[in-house]
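A short worksheet on the structure shown next.
The values are calculated or read from the model by the stated rules, or taken from the named source; none is laboratory data. All values derive from a computational prediction rather than experimental measurement. Cβ placement follows ideal geometry from the backbone for every residue including glycine, while neighbour counts extend to all protein chains displayed. These accessible areas exclude ligands, DNA and RNA; they are computed on the full protein's heavy atoms, side chains included. Shrake-Rupley method; radii C 1.70, N 1.55, O 1.52, S 1.80 Å.
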Amino acid sequence: MINTRRNFIKKTVIAGAGIAMVPNLSFGINTGLFGKEQKLKVAMIGVGLRGTNHLDNVLLRDDVLLTAICDIDPARITLALDRIAKKGQKKPEVFGNGDYDYRNLLEMKDVDAVIISTPWLWHTRMAKDAMMAGKYTGLEVSAANTMEECWDLVNVHEQTGTHLMILENVNYRRDVMAVLNMVKQDVFGELVHFRCGYQHDLRFVKLNDGKSAYGKGVEFGEKGISESAWRTQHSLLRNADVYPTHGAGPIAAMCDINRGNRFLSLTSNASKGIGLHDYIVKNGGGNHPNAKLKFKQGDVITSTIETANGETIIVTHDCNLPRPYSLGFRVQGSNGLWEVDGNRIYIEGKTKNPHEWDAADEWLKKYDHPLWQKYGELAQDAGHGGMDFFVINAFIESAKQNIAPPMDAYDAAAWSAITPLSELSIENNGEPQDFPDFTRGNWIKRKPYNWMKDTY
Ligand SMILES: NC(=O)c1ccc[n+]([C@@H]2O[C@H](COP(=O)([O-])OP(=O)(O)OC[C@H]3O[C@@H](n4cnc5c(N)ncnc54)[C@H](O)[C@@H]3O)[C@@H](O)[C@H]2O)c1
C-alpha cells in the first residue's frame with residue numbers, strides 16, 4: 001500500500017502537466033501534479049458535524065476527487081451523499097457497516113488521503129491504521145487521549161514514513177496568523193510568556209435532548225446525539241484538560257515547538273466541578289437521574305507549561321460554566337504584548353501612548369497574513385470565520401506533494417500530551433510532569449516551519 005502511494009507520487013512528478021485549479025482560483029504551489037486531469041483522491045472517515053464541514057471544503061476544490069466516505073450513522077451518510085450530489089459530483093464508495101468498516105475503506109486503491117473526524121477515542125487507532133495503509137492522514141483535534149497514543153502516532157509515522165497532519169484550524173485564524181506574522185517579524189521582541197486555552201460554554205453541547213445536536217435537554221451517552229454521545233463521558237470520568245490544541249497549537253507555532261524549542265514540563269490544577277451538575281438540575285430538575293452523577297472534570301483547569309527556551313504558557317480549559325467564547329490568547333515578549341480579550345496591543349515606543357493599549361485592529365490589519373490577503377474572501381464562508389478553509393488547503397497541498405505537513409505527528413503528540421500530563425499533575429496536587437521528547441532529540445536541529453508562505 002505504502003509503495004503504491006509512493007509510486008503514484010513519483011509517477012505524477014514525472015508526468016506532471018497542467019495547473020492545479022479550483023473554479024476561480026489556482027491553489028497553493030501549483031506543482032502541476034494535480035488539476036482537472038489528475039486529482040488527489042480523498043476519503044472521509046466520520047461525517048458528523050465536523051466531517052460535513054470538511055466535506056464541504058473538499059467539494060469546493062477541483063484538484064480533489066472524493067472517492068469514499070465512512071460513518072456508522074446512516075443519517076449522516078444520507079446527508080453527506082445529498083451534499084455531494086448537489087455539487088454534481090460522483091457518488092463515492094460508502095462504508096458504515098460497523099465500527100471497523102473504515103478498515104475496508106483504507107484498503108481502497110483509489111484513496112490517497114483520508115480526513116478523520118470521529119469521536120476522540122477513535123482518533124489514534126484510525127490514524128494508525130490509515131498510516132499503515134499508506135494514506136496521507138488528516139486527523140481532527142485532539143489527536144490522542146493517552147501518552148501511549150501520543151507515542152503510537154509518532155512511532156507509526158516513523159515506521160511507515162506516512163505523513164500525519166493534525167487538523168488544528170485555529171492555527172489559521174486571521175488574528176492568530178497576523179500575530180504570528182508579528183512574532184516572526186520580531187515586533188514583540190524576545191518571546192517570554194503566552195496564555196491560551198479553550199474557554200467555551202459547552203453545556204448545551206455536552207447535554208442535549210438526543211434529537212438534535214443543540215437541542216435542549218440534559219441527556220448524554222446512549223441517550224444523547226452528536227458530541228453529547230461521546231464527549232461528555234470524558235467530563236464524567238477524567239479530570240484533565242481534554243481539549244488543549246486550539247490554544248496550544250497556535251502558540252506552539254509561534255515559539256517553534258519541536259523545531260528549536262520544545263515543551264519541557266507542565267503543572268496543572270483543577271477547580272471544583274459543579275457546572276454540568278448545576279445545568280442538569282436547572283434544566284432537567286433535581287430528580288433527573290443525571291443529577292445524581294458526580295462529574296470528575298474540574299470546571300476550570302489551568303496548566304502552566306515551561307519550554308526549553310524559557311517561555312511559560314498558561315493553558316486553560318473552561319467549558320462547563322456560563323461564559324462568552326474566548327481562546328484567551330496573550331503573546332508577550334521583551335517589546336510588548338497582544339491580548340485577544342480586550343482586542344489590544346502594547347508595543348513599547350510604537351503604540352500611541354506610553355503605558356496605554358492600542359486597539360489591536362490597525363496592527364492586525366497591518367500584519368495581515370499573506371495567505372489571508374490572498375484567499376480571505378474565498379475563505380469567509382468556509383466555517384469558523386474562514387480558518388477551516390486554510391487548514392484543509394494546507395492538508396490537500398501537503399498531501400498532493402506527499403511532504404511533511406505544517407503540523408505533523410510530533411506536533412500532534414506534543415500538543416495532545418497535555419491531556420494525560422494534566423491529568424497526572426492534577427491527581428498529584430499540581431506536581432510537575434515532564435513532557436517526553438517525541439522528536440527523540442531532533443528538536444535541536446529541526447528547522448522552524450515557514451509559516452509565512454502565501455501558498456498554504
Ligand atoms: N477543529 C474544530 O474546530 C472542531 C470543531 C468540532 C469538532 N471537532 C472535532 O471533530 C471530531 C468530530 O466531532 P463532531 O462534532 O463532528 O462529532 P459528531 O459526533 O457530530 O461526529 C462524529 C461522527 O463520527 C461517526 N463515527 C463514530 N464512530 C465511528 C466509526 N467507528 N466509524 C465511522 N464513523 C464513526 C459518528 O457516527 C458521527 O457521525 C472530534 O474530534 C471533535 O473534537 C473539531
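Before moving on, here are some points about what is shown:
- Put simply, of Ser212, Ser226 the only residue that is without any contact (Cβ under 8 Å) to a residue 40 or more places away in the chain and within 12 Å of the ligand (Cβ to nearest atom) is Ser212.
- Residue count for segment 93-135, restricted to those that are under 21 Å from Val154 (Cα atoms) and of a type in the set (S, T, N, Q): 3.
- Pick from segment 37-72, criterion among the basic types (Lys, Arg) and either at pLDDT below 95 or over 20 Å from the mean Cα position of the chain (by Cα) (or both), ranking: farthest from the ligand (Cβ to nearest atom): Lys39
- Residue within segment 286-295 that is touching a residue at least 12 places away in the same chain (Cβ under 8 Å) and under 18 Å from the mean Cα position of the chain (by Cα) present: no
- Test set (1) open to solvent by 10 Å² or more (accessible area, probe 1.4 Å); (2) away from the ligand (no atom under 16 Å from the Cβ); (3) not charged (D, E, K, R) - Ser268 fails condition number: (1)
- Pick from segment 111-125, criterion assigned to a helix (DSSP H, G or I) and open to solvent by 10 Å² or more (accessible area, probe 1.4 Å), ranking: nearest to the ligand (Cβ to nearest atom): Trp122
- Lone qualifier among Val176, Val187 - being in contact (Cβ under 8 Å) with a residue 40 or more places away in the chain and either of a type outside the set (Val, Ile, Thr) or part of a loop (DSSP other than H, G, I, E, B) (or both): Val187
- Only listed residue being farther than 30 Å from Lys445 by Cβ and not in a loop (DSSP other than H, G, I, E, B), chosen from Leu364, Leu321: Leu364
- Selected residue (only one of Gln89, Gln159 is away from the ligand (no atom under 15 Å from the Cβ) and either of a type in the set (Val, Ile, Thr) or farther than 19 Å from Ala409 by Cβ (or both)): Gln89
- Matching option when the condition is β-branched (Val, Ile, Thr), in contact with a helix residue (DSSP H, G or I) (Cβ under 9 Å, 6 or more places away or on another chain) and open to solvent by 20 Å² or more (accessible area, probe 1.4 Å), among Val340, Val391, Val315, Val331: Val340
- The residues listed here are Asn258, Asn283, Asn269, Asn287; of these, the one that is touching a Lys or Arg at 6+ places or on another chain (Cβ under 9 Å) and more than 25 Å from Phe390 (Cβ to Cβ) is Asn283.
- Set side by side, the residues Gly88, Gly134 differ, and just one is assigned to a loop (DSSP other than H, G, I, E, B) and open to solvent by 30 Å² or more (accessible area, probe 1.4 Å), which is Gly88.
One line per residue, one yes/no per condition, for (1) open to solvent by less than 20 Å² (accessible area, probe 1.4 Å); (2) more than 9 Å from the ligand (Cβ to nearest atom); (3) part of a loop (DSSP other than H, G, I, E, B):
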| site | (1), (2), (3) |
| --- | --- |
| Ala80 | yes, yes, no |
| Asn104 | no, yes, no |
| Lys109 | no, yes, yes |
| Ala130 | yes, yes, no |
| Gly138 | yes, yes, no |
| Ser142 | yes, no, yes |
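- When Gly383 is tested against the conditions (1) within 16 Å of the ligand (Cβ to nearest atom); (2) at negative phi, the lone failure is (2).
- Among the numbered conditions (1) open to solvent by 40 Å² or more (accessible area, probe 1.4 Å); (2) in contact with a helix residue (DSSP H, G or I) (Cβ under 8 Å, 6 or more places away or on another chain); (3) of a type outside the set (Lys, Arg); (4) in contact (Cβ under 8 Å) with a residue 40 or more places away in the chain, the only one that His246 does not meet is (1).
- Yes/no for His200 being out of contact with any strand residue (DSSP E or B) (no Cβ under 7 Å at 6 or more places or on another chain) and not acidic (Asp, Glu): yes
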